[in-house]
Amino acid sequence: MSPLFPTESAPPANEQLEEGAWLLRGFATPDVPALITEISHIHEVSPFRHLVTPSGHTMSVAMTNCGRVGWVSDRRGYRYDPIDPDTAQPWPPFPALFLDLAARAAEAAGFPHYVPDACLINRYVPSAKLSLHQDKDENDAYAPIVSVSIGLAATFQWGGRRRADPVRRMLLESGDIVVWGGPARFVYHGVSPLKPGEHPLTGPTRLNLTFRKVF
Ligand SMILES: O=C(O)CCC(=O)C(=O)O
Ligand SMILES: [Mn+2]
């Protein structure tokens, strides 16, 4: 029987978005302060930068990477590169916490033994956005994307396998993780323009980690 005077609210429920895709609400919340510290160390070695798309558009989201390879874009196209083009050095290695968190989240979504080799780190300020897209520069077409939200909340767009499919919108808050792989691996997704706000740990900013298995 439930208590007459509940003192604690129930833990946030996980939500299956479709086969192969889960929203794990609050999964990373205990790790958020340590994740922010790790991101600031990565930023000291490989700073956030605004990449240019092959069509010449400068992205509103600032990006950096850690891991064996990093996702980059320039006039020549999109690719994974073991060298940070801004520093001419390898990307910073994965912090142990990143690998551990990604593996735990993947397992909770039905993808055990997840060992990513890249983590793209996105930094959004108000009005920054990511248009509807598929993540398809990775060779592994089954292993999931594990996407961790930190700081200001954002509206996540979850579409279908075709760009024109209907899009669901959901608020992602700090500590939420979305995992999509297997049959959901190539679902179109995006982030609506970030609304202004102030988060106790990140100020007027949203950070996002997306883990990928590239090889
Ligand atoms: O910021 C997010 O929540 C999604 C990021 C994303 O889709 C990407 O980096 O490819
Ligand atoms: Mn993506």
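The values are calculated or read from the model by the stated rules, or taken from the named source; none is laboratory data. Remember, it's a predicted structure, so these values are computed and weren't measured experimentally. Virtual Cβ from ideal backbone geometry, glycine too; neighbours counted across all protein chains shown.
Values for this structure:
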{"quantity": "Count - residues of the range 113-165 that are under 23 Å from H43 (Cα atoms) and loosely packed, with under 15 Cβ neighbours inside 10 Å", "calculated": "3"}
{"quantity": "The range 124-146 - residue that is in contact (Cβ under 8 Å) with a residue 60 or more places away in the chain and under 14 Å from A184 (Cα atoms) and, of those, nearest to the chain's Cα centre (by Cα)", "calculated": "V146"}
{"quantity": "Identity of the residue in the range 114-138, β-branched (V, I, T) and in contact with a Lys or Arg (Cβ under 9 Å, 6 or more places away or on another chain), that ends up nearest to Q157 (Cα to Cα)", "calculated": "V125"}
{"quantity": "Of the criteria (1) surrounded by fewer than 17 Cβ atoms within 10 Å (Cβ to Cβ); (2) away from ligand 1 (no atom under 16 Å from the Cβ); (3) within 20 Å of H43 (Cα to Cα), which one F94 fails", "calculated": "(1)"}
{"quantity": "Residue in the range 54-72 that is surrounded by fewer than 13 Cβ atoms within 10 Å (Cβ to Cβ) and charged (D, E, K, R) present", "calculated": "no"}
{"quantity": "Sole exception among (1) within 14 Å of ligand 1 (Cβ to nearest atom); (2) in contact with a helix residue (DSSP H, G or I) (Cβ under 9 Å, 6 or more places away or on another chain) for P193, by number", "calculated": "(2)"}
{"quantity": "Close pairs from the range 152-169: first farther than 16 Å from F186 by Cα, partner assigned to a strand (DSSP E or B) and β-branched (V, I, T), Cβ under 6 Å, at least 6 apart", "calculated": "A154/V191; R169/T155"}
{"quantity": "Members of the range 97-147 found to be part of a loop (DSSP other than H, G, I, E, B), more than 16 Å from ligand 1 (Cβ to nearest atom) and among the aliphatic types (A, V, I, L, M), listed by number", "calculated": "V115"}
{"quantity": "Close pairs from the range 188-215: first away from ligand 2 (no atom under 13 Å from the Cβ), partner at pLDDT 95 or above and polar (S, T, N, Q), Cβ under 6 Å, at least 6 apart", "calculated": "S192/T155; P193/S127; F215/N139"}
{"quantity": "V187 assigned to a loop (DSSP other than H, G, I, E, B), within 12 Å of ligand 1 (Cβ to nearest atom) and surrounded by fewer than 23 Cβ atoms within 10 Å (Cβ to Cβ)", "calculated": "yes"}
